[in-house]
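Just below is one structure, and these are the notes that go with it.
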Amino acid sequence: MLTCIIRYHIDSAKKAQFEQYARNWGQAIPRCGADLVGYYAPHEGSSTLAYGIYNVDSLAAYEAYRVRLAADPLGQENYQFARKERFLLREDRTWLKLVSMPHGDG
């Protein structure tokens, strides 16, 4: 299992547009085969950092997911929405794997 963490730098005046973008991905991403943890918008502190987090089984599964997402009508609409509204200033992806397992019994 791999976790993709997307760090977005967003226009702080367009937080509502980012939130709509996130809600759209909340529908499209699971439908296209990734396990969406969630999208997170600024609340306190930085007004320009936001995150999207999802899991995939492997890089091969990620490639297949990306093909499905690019063909998905809501996915296409969301890409166009982001280009039109220009609320994403920067986007960085980091791939992580969980190494702390097994977790203790709490």
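The values are calculated or read from the model by the stated rules, or taken from the named source; none is laboratory data. Note that this is a predicted model, so its numbers are computed, not measured. Neighbour counts run over all protein chains shown; Cβ positions are idealised from the backbone, glycine included. Accessible surface is based on the protein model in full, side chains and every heavy atom, while ligands, DNA and RNA are left aside. Shrake-Rupley method; radii C 1.70, N 1.55, O 1.52, S 1.80 Å.
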| For the stretch 37-106 and the stretch 1-32, what is the separation of their C-alpha centers, rounded to whole Å? | 6
| When the convex hull of its Cα atoms is projected in every direction, mean area for the stretch 60-106 (nm²) | 6.0
| said: Contact order normalised by length for the chain, with contacts defined as Cα pairs under 8 Å and 6 or more residues apart; what percent is it? | reply: 45
| Inter-label distance, nm, simple model (7 Å from Cα along the C-beta direction), residue 37/residue 60 | 2.5
| query | Residue-wise, which Karplus ³J(HN,Hα) couplings in Hz belong to the stretch 58-70, taking 6.51 cos²θ - 1.76 cosθ + 1.60, θ = phi - 60°, and x for glycine or proline? | reply | 6, 5, 5, 5, 4, 4, 5, 4, 4, 5, 5, 5, 5
| request: Calculate for the chain the 222 nm mean residue ellipticity that helices alone would give, adding -39,500 (n - 2.57) per DSSP H run of length 4 or more and normalising by residue count, nearest 500 deg cm²/dmol. | output: -13500 deg cm²/dmol
| Packing-based ranking, highest mean first, of 60-70, 86-96, 28-38 given that Cβ atoms within 10 Å are counted | 28-38, 60-70, 86-96
| request: Evaluate E = 1/(1 + (r/R0)^6) for residue 84 and residue 12, where r is the Cβ-Cβ distance and R0 equals 22 Å; express this FRET efficiency to the nearest 0.05. | output: 0.75
| query | Could you give the length gained on full extension between residue 96 and residue 47, defined as 0.36 nm per residue of separation minus the Cα-Cα distance, in nm? | reply | 15.1 nm
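With every protein chain kept in place and ligands, DNA and RNA left out, what is the accessible area per residue of the chain? Probe 1.4 Å, answer in Å². Mind dumping the intermediate values first?
Numbers: 6710 Å² over 106 residues.
So the chain comes to 63 Å² accessible per residue, rounded to a whole number.
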| task | Along Cα→Cβ, 7 Å out, is where each label goes; now give me the distance between the ones at residue 105 and residue 2 in nm to one decimal. | result | 3.6
| message | What percentages make up the Cα-Cα pair-distance distribution of the chain when the bins are 5 Å wide from 0? | response | 2, 12, 21, 23, 19, 12, 7, 3, 1, 0
| So between residue 71 and residue 19, what do we pick up on full extension, going 0.36 nm a residue minus the alpha carbon distance? | 16.5 nm
| field | By average C-beta atoms within 10 angstrom, highest first, the peptides 97-104, 50-57 | value | 50-57, 97-104
